[in-house]
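Taking it in order: structure first as structure tokens, then the write-up.
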Amino acid sequence: MGQHVSRTEFETAYTEEPHASRRIQILKAHPEVKTLFGPDPWLAVWTLLIVAFQVASLFVVYQLHWLPTLILAYVVGGTLNHSLTLVIHEIAHNLAFGHKYPLANRALGIFANLPIALPMSVTFKFYHLQHHKFQGVKEIDTDIPTKLEAQLFCTTFGKFVWMLLQGVFYAFRPLCVNPRPFSALELFNISVQIAFNAAVAYYFNLQALLYLAGGTLLALGVHPVAGHFIAEHYMFNKGQETYSYYGPLNMLTFNVGYHNEHHDFPFIPGSRLPKLRAMAPEFYDTLPCHKSWVKVLYDFVMDPTIGLYARIVRERNIPSASVTPYSPVSPIVSSAAVKSAGSSNGTQSATFNDCPISRRVAFMADE
């Protein structure tokens, strides 16, 4: 139903993702950016406050009729649960307690997961770091829709349905595209979540549990704050694969809208990303950006040039002498550096040793 999208294939890139190169350029031009690195001690405080509010709200919700419960789940509970998913996003980068205390970060992530009702904190960390390290790489970056999704939801109505179920696809796509055995910590996350859900159903009622779980699904679908899922990497401008959003909803989402800034420096917490942009305006002010997540949702559904195929993808091993593909032990060398190396003798290509040391260690902190 509705108009078909015009794209029938993903956009293929034969160059590196843009963030590693820009990181090097920014650090060279603005070494003071390093003062922004490190954890945000307020993250744990906000986590405690939001979780406490959500649990306290159950004392009211369980007594309400279904209609006001549904409205509250969409407007209040869902919005706060979406905020908690972005707390978990920050924690995935160890930005609550720093890299010296990984278990403390994981514990806070599992705690933040409780009102969301669907266990995801530990699993999200693995797949999200893969998204950073292998942005756009097919079958590794599970943020990219599958070809089946793109083929099935290729009309105006289809895109709306997909957007409505976006949280389901986002949760289960990694388990289908790039499956792996659950770790002990993931099983612990699942067990704690099941126990919490059972306690909510037992001490309150099923309606209270559905308020939490339903709010999560609603706020990950057709919801203003869910606009960031599409705004971040869907190709609204040809060739541009990451976009920032500079608007008021960043206040509810731990500045996840500053997405170019986040991918350039994933070890800077969201609370300091506006300072990063202010320190290096010449790198960010000229990039295409979004001003409204609601408009992003509308354009995604209604514009036939935008759809699930509007993503930039690349092979893990790019078959080109001019590009060195990124891997955790063999970082990308910028195209300019490769061309420079190649021009010296006509055949030489850049190697690991040609890569600046800051590039080589850029992602080590996220392990």
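What to note about this one:
- Secondary structure note: in the chain, about 40% of the DSSP beta bridges are antiparallel.
- Segment Val55..Ser191, full-extension length gain: 47.1 nm, with 0.36 nm per residue of separation and the alpha-carbon distance subtracted.
- Relative contact order (percent, whole number), the range 11-313, Cα cutoff 8 Å, 6+ residue spacing: 27 percent
- Note on the chain: Kirkwood hydrodynamic radius from all Cα pairs is 21.5 Å, rounded to one decimal.
- In terms of surrounding Cβ atoms within a 10 Å radius of their Cβ, Met279, Met302 rank from fewest to most as Met302, Met279.
- Taking a ≥ b ≥ c as the square roots of the Cα gyration tensor eigenvalues, the range 88-146 comes out oblate, since a/c reaches at least 1.5 and a/b does not exceed b/c.
- Extension gain (nm, one decimal) between Glu11 and Asn237, 0.36 nm per residue minus Cα-Cα: 80.2 nm
- Rounded to the nearest 10 degrees, the angle from helix 184-203 to the longest Cα principal axis of the chain is 20 degrees.
- Surrounding net charge for Asp264, when Lys and Arg each add one and Asp and Glu each subtract one, Cβ distance under 11 Å: +1
- Gyration tensor (alpha-carbon) shape descriptor, the range 186-244, a/c threshold 1.5: oblate
- Crossing angle, helix 78-92 versus the chain [Cα axis fit, 0-90 degrees, rounded to tens]: 40 degrees
- Local charge for Ser121 was computed over the other residues whose Cβ lies under 14 Å away, with Lys and Arg +1 and Asp and Glu -1, and equals 0.
- Sorted by Cβ neighbour density within 10 Å, fewest at the top, the residues Arg272, Arg180, Arg277: Arg180, Arg277, Arg272
- Links that overshoot a 25 Å alpha carbon limit, given the list Lys138/Lys159; Lys100/Lys291; Lys28/Lys133; Lys159/Lys238; Lys100/Lys138; Lys159/Lys295: Lys100/Lys291; Lys100/Lys138
- Among Leu108, Leu49, Leu212: highest mean-square fluctuation, GNM of the chain, C-alpha pairs under 10 Å: Leu49
- Put in order of Cβ neighbour count within 10 Å, fewest first, the listed residues Asp141, Asp285, Asp303 become Asp285, Asp303, Asp141.
- Rounded Å value of the spacing that divides the Cα centres of the range 39-94 and the range 227-274: 21 Å
- Counting only DSSP H runs of at least 4 residues, each contributing -39500 (n - 2.57), and dividing by the residue count of the chain, the helix-based mean residue ellipticity at 222 nm comes to -15500 deg cm²/dmol.
- Mean shadow area of the range 56-172 over all directions, Cα convex hull, nm²: 9.1 nm²
- Environment charge of His19, counting only residues whose C-beta is closer than 10 Å and scoring Lys/Arg +1, Asp/Glu -1: -3
Taken together, the values in this text are just the output of simple stated rules run on the coordinates, not laboratory data. Please read all numbers here as calculations on a predicted model, not as lab measurements. Every residue, glycine among them, receives a Cβ derived from its backbone with ideal geometry; neighbour counts consider all protein chains shown.
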